[in-house]
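One structure is given below, encoded as structure tokens.
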Amino acid sequence: MPTALIWLVFALGLAGAEALTGDMFLLMLSGGALSAAAASWLTDWPIWTDGAVFLVVSVLLLVLVRPALRRRLWSGAGSETGVVALHGKSALVLDRVEQDGGRVKLGGEVWTARPLTDGDVFEPGEQVTVMHIDGATAVVSKIV
């Protein structure tokens, strides 16, 4: 079996294994193996040079391409969703907010609200900050 074909099978095996992990590590090694297959097919160099091509290309792909590819593919992975995304947002007081309750407009929706600190009272028209969400109630505080 020609050496180039062995490198090609190795590259395809690594690419297939990458489909199971999704970490982009094996894909970079697959690129190195593909480069070694091309070098073996195009040149009549000794087998150790194919290994050197594999090593150099794999390291370059791991160091230069993989970080940029991961940033591009997973740039939104850390974005918050749901009620966690509302923490720290500004809200407009609609009905007087006191310990017994009140209402605020938050992100275009009307929420029940209560103050973070006992005794705080917020009048309609004031801007407040959402500290956290407790069930269906926004716990708010004065904007600093």
Keeping all protein chains in the complex and leaving out DNA, RNA and ligands, what accessible area do you get for L94 with a 1.4 Å probe, in Å² to the nearest 10? 60 Å²
Spin-label pair L5/A68, simplified geometry with 7 Å Cα→Cβ offset, distance in nm: 3.6 nm
Under the rule of at least 5 residues apart or a separate chain, name every residue whose amide H is placed under 5 Å from the amide H of K89. V130
I need to check one value: relative contact order of segment 4-128, counting alpha carbon pairs closer than 8 Å and at least 6 residues apart, in percent. 17 percent
Rounded to the nearest 10 Å², what accessible area does F25 show when all protein chains are kept and the probe is 1.4 Å? 90 Å²
The chain: Rg to Rh, with Rh as the Kirkwood radius over Cα pairs: 1.48
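The values are calculated or read from the model by the stated rules, or taken from the named source; none is laboratory data. It should be emphasised that the depicted structure is a prediction, and the values quoted were computed from it without experimental measurement. Here the Cβ is made from the backbone with ideal geometry for all residues, glycine too, and neighbour counts use every protein chain on show. Quick note on the areas: whole protein, heavy atoms, side chains included, nothing else; ligands and nucleic acids left out. Shrake-Rupley method; radii C 1.70, N 1.55, O 1.52, S 1.80 Å.
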